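Every number in this text was worked out from the coordinates using simple rules, so none of it is lab data. Since we're looking at a predicted model, the values are computed, not measured. Virtual Cβ from ideal backbone geometry, glycine too; neighbours counted across all protein chains shown.
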Amino acid sequence: MKLISTELEGLSIIEPAVYTDARGYFMEGFNKHKMNKLGLDINVVQTNISESSKDVVRGLHFQNPPFGQGKLIRVLKGAVLDVAVDLRKESPTYGQHFSIELSEENKLALWIPVGFAHGFTTLMDNTLFYYDCSETYHKESEGSLRWNDPKLNIDWGVENPILSDKDASAPLFKDFKSQF
């Protein structure tokens, strides 16, 4: 298992050790001891799975303190463009985003710590998305930002996304007051 830093402090790509043979492949999706050795103290308390059609955009979502969620993200089937936005007021990268393609082929994972908004767009039909969370879902603490916010300037690579009503009408970044 290898940890790859990004330009947004705390946001990390995890490259797993993958063992392949004639039967297929094996890899560890999560190993607390190995994560700790890499410098990540991830306490998994909830796992979520979603399946989406091509061109679905989900996000940008977060949970406010004290129920902030860190997320360990991976794709089991298909592919996504995954996006994280830094919401930490004191961070030098506040308001900046990072994006990466996660797929069943590259088997990469992304650790998104508390203080980031998260979203993704699916690049293939029947994409199966899996994430471990460091906090359980708490409806009263949920927040979101508009996926196509002009200030964030995220290139999602999709012209006519399939959106939930909630995501289509999420607040703009200029109206956002960070609690992180």
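Which net charge results when you count Lys and Arg as +1 and Asp and Glu as -1 among the other residues whose beta-carbon is under 13 Å from that of Lys166?
On the way: positive: Arg58, Lys139, Arg146; negative: Glu142, Asp165, Asp167.
Local charge sum for Lys166: 0.
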Which percent, to the nearest 5, of DSSP beta bridges fully inside the range 43-175 are antiparallel?
95
Compute the distance from the alpha-carbon center of the range 123-180 to that of the range 47-105, in whole Å.
8
Taking the dipole of the chain about the Cα centre (Lys, Arg +1; Asp, Glu -1; charges at Cβ), the one of Ser12, Trp156, Thr127 that reaches farthest to the positive side is Ser12
Over its Cα atoms, what ratio of radius of gyration to 2.2 N^0.38 Å does the range 43-175 give?
0.98
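Work out the length of the dipole vector of the chain about its Cα centre, built from +1 on the beta-carbon of each Lys and Arg and -1 on the beta-carbon of each Asp and Glu, and round it to the nearest 20 debye. Could the numbers behind the result be given before it?
Numbers: 19 positive and 25 negative charges, 76 e Å.
With Lys and Arg at +1 and Asp and Glu at -1, about 360 debye.
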